[in-house]
Amino acid sequence: MSKKKKIIVLVSMVALLVLTGCLNYFLNRPGSQNANAEGTLSYSDYFAASRADRSTSREETVSYYKTIINNEATSSEAKANAEAELAALVSSMDTEQRLETLIKSLGFDDCIVTVGKENVNVIVKSDELTEQESAQLLDMVCTETGKTIGYVRVKSIDL
């Protein structure tokens, strides 16, 4: 596969990821078909939808990397890059799952964590976070990811 075709495939995958995020936003805001009688999402709907969107996006990305890796026409450099990106993605997925379990062990009913190359985002089910809860979450995330506080965002939602 030529370098130009690889770039086109990569740009297409990124566009699909952006589209997935936009659809998630528009389908999960108040007034959407997922809203309850009061016009707001329930916690379980929000977290379930976020996990489903994340899973779908990740499956597409993994499939993309596997296609590059398994293609005989792919250069060894492109294969190595795809393997490294896939390994990083799997590591992020493992960290997200581990953090979600640890956060729930602190007593939060639900949460979702996304680990990117630069930042970590944590959304917990809570009316409001106390300073102690925020400190616990930040400490846990920084310890598990090796990121500094400046690269970690923690938010509570009250749907």
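With all protein chains present and a 1.4 Å probe, how do Val9, Val122 order by accessible area, largest first?
Greatest to least solvent exposure: Val9, Val122.
Can you tell me what share of the DSSP beta bridges in the range 107-159 is antiparallel? A percent to the nearest 5 is fine.
Looking only at bridges with both residues in the range 107-159, the antiparallel portion is about 45 percent.
Accessible area, 1.4 Å probe, largest first: how do Ser63, Ser92 sort?
Output order, biggest surface exposure first: Ser63, Ser92.
The values are calculated or read from the model by the stated rules, or taken from the named source; none is laboratory data. Please read all numbers here as calculations on a predicted model, not as lab measurements. Accessible surface is based on the protein model in full, side chains and every heavy atom, while ligands, DNA and RNA are left aside. Shrake-Rupley method; radii C 1.70, N 1.55, O 1.52, S 1.80 Å.
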